[in-house]
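A.B. asks: Before we start, here is the structure in question, set down as structure tokens.
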Amino acid sequence: MKVAAPTLIAALLLTPTPLASQRVEKVKAGSSEAQKLPEDLFGLPPGAWAFAEHLWQGEAPCTADACEAGYTSGELAISVERAKTWVRILAGFRGCASVAWSDFEIGKKASGGDSKEVRRRIKKAVGTSAKYCKAEAPAVAELDAKRLYPAPPPKTP
């Protein structure tokens, strides 16, 4: 056991902090760091995720480099935007300047674990926004992060 203790201490010191931990900061609305919730998300059909390369530009299909998923309950809007290997999640309520967001690297494709992480971060962003907006967080349909990565086009012979 004496050999195991130094090994355990070294392992604990060399282990990076968990990637899943998030720090929540309050940023004043209107500051350069504050994120803005795209108002066009409130125009989506409520209760279902919509997908496009960029929802504000129309219904162009997702590409290998970009995809946005949008959701609204009517009072809550969520954007999950993928740019190459990075994902940004925004969540906010109609009429409330407080918008919660989370950025993280997901990689070149999404696994089942990535889908769970995206869902966890969506739940956290919605909860944080609800707290600051003094609103009740509605249930949100689950998002499969794999849908942010379209199937590659078929190879031509």
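The values are calculated or read from the model by the stated rules, or taken from the named source; none is laboratory data. This one's a predicted model, so the numbers in the text were calculated from it and none came from an experiment. With ideal geometry, Cβ positions are generated from the backbone for all residues, glycine too; neighbour counts draw on all protein chains shown.
A.B. asks: When residue 131 is evaluated against the numbered criteria (1) touching a helix residue (DSSP H, G or I) at 6+ places or on another chain (Cβ under 8 Å); (2) over 13 Å from residue 69 (Cβ atoms); (3) surrounded by fewer than 18 Cβ atoms within 10 Å (Cβ to Cβ); (4) without any contact (Cβ under 8 Å) to a residue 60 or more places away in the chain, which criterion, by number, is the only one it fails?
C.D. replies: The failed condition is (1).
A.B. asks: Among the numbered conditions (1) acidic (Asp, Glu); (2) free of Cβ contacts under 8 Å to residues at least 60 places away in the same chain; (3) surrounded by 15 or more Cβ atoms within 10 Å (Cβ to Cβ); (4) over 18 Å from residue 144 (Cβ atoms), tell me where residue 81 comes up short.
C.D. replies: If we test residue 81 against (1) acidic (Asp, Glu); (2) free of Cβ contacts under 8 Å to residues at least 60 places away in the same chain; (3) surrounded by 15 or more Cβ atoms within 10 Å (Cβ to Cβ); (4) over 18 Å from residue 144 (Cβ atoms), just (4) comes out false.
A.B. asks: Being in contact (Cβ under 8 Å) with a residue 40 or more places away in the chain, in contact with a Gly (Cβ under 6 Å, 6 or more places away or on another chain) and more than 26 Å from residue 152 (Cα to Cα) narrows it down to one of 140, 99, so name that one.
C.D. replies: Exactly one of 140, 99 is in contact (Cβ under 8 Å) with a residue 40 or more places away in the chain, in contact with a Gly (Cβ under 6 Å, 6 or more places away or on another chain) and more than 26 Å from residue 152 (Cα to Cα), namely 99.
A.B. asks: What is the number of the single condition among (1) buried (at least 19 other Cβ atoms within 10 Å of the Cβ); (2) touching a Cys at 6+ places or on another chain (Cβ under 7 Å) that residue 53 does not meet?
C.D. replies: Condition (1) is where residue 53 drops out.
A.B. asks: Would you be able to tell me the number of residues in the stretch 101-128 that are at pLDDT below 90, assigned to a helix (DSSP H, G or I) and surrounded by fewer than 14 Cβ atoms within 10 Å (Cβ to Cβ)?
C.D. replies: The total comes to 2.
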